[in-house]
C-alpha cells in the first residue's frame, strides 16, 4: 500500500490519507486518538462507484466514524472512476438504462450481468485492502461495513469473518442468487430502505431483509427517494456500530 | 384530577403521582427539572390495558422520558384493570382467542368489535386527561404519544392537534376503518414492528405504515416476537421525541 497524499481535516481531529494498493485507489481516515496502544476499529465505506463524485458523502461519513473513535476506509469500485471499464458491465448498464427509459421491467438477466461481476471483483479487492489496513498499528478489529452496493456487502458478510456488523443500504438491484447468500449472513445488520426509492423495488428489499440469516437485524425504512436518506440515520448507524464494534 | 399517591423514585430525579380523573386512574411522572418557568413537554404512554401488570414497563419508559427532560403520563384503558368490563368487548376477546386457538383466520368483524369500542372510549378520555395535565404549571406542550394500542394512537393523531409526534407499536389487530384514518395522519411518526409478532400480521403492518399520510415517518423492524422489542429502540424513541418535541 502506497500513501499518495495526506491531510489533516480542518476543524476535525481526522487524518486523511489517499492510497493505492496495486491498481486500487482508496482513502483512509483515522481519528487522532488512534494509536498502536489504542487501535481504532475500522469501518469499510461502500458506495456505488466514482470515488471523486462520492467524496463529499464519504468524508461526511468518515467524520462521523472518527467522532465515535472509528477509522474508516473506502476504495474505488472496479470499473468505476479512473479505473478501466468492464465492457460487459457497461453494456449491462446501458441495457438497464434503456429498459428503465422504455418503462420495461428490469429482468434478472440484466441485473446479473450488472451486479455479479462487481461482486466477483470487488470483494477480493476489499479483502486484500483489509489485510493491509489491519496490519497498520493504529487500526484494529473488529471491522464493520457500511453502505452500498448491497450485494457486495452481502458477499463480504458471508466470506469475510473479520466483518462483525454491517449497515446495508437496500438501494440497488439484487441478483436472485444473492438472496441465497443473504440466508448465510449471521452478523448483526442494520438495513436502510428508502420507501419510495425510484431505482429499487420495495417488496424485493423487504424480501431480502426477511432472507438474512442474522438473529439481530433491524430495518429502518424512511420516506423519500434514493438519495433522501435522512441525516439522523447517520447517527443511528454510529450507535449501531458502537453497540457491535466496541 | 385528584392525586391519590405520590413518591420520588429512588436513584432518579423523577416524581411519580397516581391520580384519578372521574373514574379514570392514571399515573404522572415529572422530572425534577420541570417547573412553571421551564415546563416539561409531555409524552402520553399508551399500553394494551392493565396498568398494574404494565407498570414495570411503563415506569421504565417514564424514567427514559424524564432523563430527556420529558414528563410522561398514562391512564388505565376503559374496560381494563380495576375498571368495569365492557361485555361486548369481552365477548370479542373471547371470540378472538377461540379463533386463534382453532387456527382460524381472525376476521374483520371480530377485530372491529374488539378495537373500535376501545378507540371510541379511550380517545375522549385521553383528551380530557390531556386538558388537565396541560393546565399544570410544570407541564407544557408539545405532546407526544408512545406505545400501543396503535388504533388509539392513530385516532389521537388525527383528532388531537396538541399531539405533535408519535411512536406507534404495530403489534395489535387494526380495524380496516383505521387504515382510512391513517391516511389523515400528518404528524411525525416512528412505527415499531416486530418482524415475527405472533399476534400481528406483518403485511398488514407494512400496509398500515404505507398508508400513514405523514411526510416524516420511519419504520423500525426488529427480529422476534411481540414482547421482544430490543432495548435500543427505547433510546431511538427518546431521540425521535427529542427531535420533534424540543
Members of region A:62-88 found to be surrounded by 21 or more Cβ atoms within 10 Å (Cβ to Cβ) and assigned to a helix (DSSP H, G or I), listed by number: A:62, A:65, A:66
The lone exception for residue A:246 - which of (1) facing chain B (nearest Cβ under 10 Å); (2) within 16 Å of residue A:163 (Cβ to Cβ) it fails: (1)
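Can you name the strands (runs of 3 or more DSSP E) wholly within region B:1-51 that have at least 1 residues being surrounded by 14 or more Cβ atoms within 10 Å (Cβ to Cβ) and within 15 Å of the chain's Cα centre (by Cα)? Before the answer, list the steps.
Working: elements: B:2-9, B:14-21, B:24-31, B:40-45.
Of the strands (runs of 3 or more DSSP E) lying wholly inside region B:1-51, those with at least 1 residues that are surrounded by 14 or more Cβ atoms within 10 Å (Cβ to Cβ) and within 15 Å of the chain's Cα centre (by Cα) span B:24-31, B:40-45.
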Go through (1) more than 11 Å from every other protein chain (Cβ to nearest Cβ); (2) surrounded by fewer than 18 Cβ atoms within 10 Å (Cβ to Cβ) one by one and return the number of the condition residue A:169 breaks. (2)
Look at region B:91-123 and say how many of its residues are under 29 Å from residue B:28 (Cβ atoms) and exposed (fewer than 13 other Cβ atoms within 10 Å of the Cβ). 1
Residue B:134, sole failed condition from (1) modelled with pLDDT of 95 or more; (2) not in a helix (DSSP H, G or I): (2)
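Would you mind stating whether residue A:207 is surrounded by 15 or more Cβ atoms within 10 Å (Cβ to Cβ), out of contact with any strand residue (DSSP E or B) (no Cβ under 6 Å at 6 or more places or on another chain) and within 27 Å of residue B:218 (Cα to Cα)? Don't jump to the end; show me each part of the working.
Details: surrounded by 15 or more Cβ atoms within 10 Å (Cβ to Cβ): no; out of contact with any strand residue (DSSP E or B) (no Cβ under 6 Å at 6 or more places or on another chain): yes; within 27 Å of residue B:218 (Cα to Cα): yes.
Answer is no for this residue.
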Could you check region A:218-236 and list, in sequence order, the residues that are more than 12 Å from every other protein chain (Cβ to nearest Cβ) and either under 19 Å from residue B:229 (Cα atoms) or in contact with a strand residue (DSSP E or B) (Cβ under 7 Å, 6 or more places away or on another chain) (or both)? A:225, A:226
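The values are calculated or read from the model by the stated rules, or taken from the named source; none is laboratory data. Note that this is a predicted model, so its numbers are computed, not measured. Methodologically, a virtual Cβ is constructed for each residue, glycine included, from the backbone with ideal geometry; neighbour enumeration extends over all protein chains shown.
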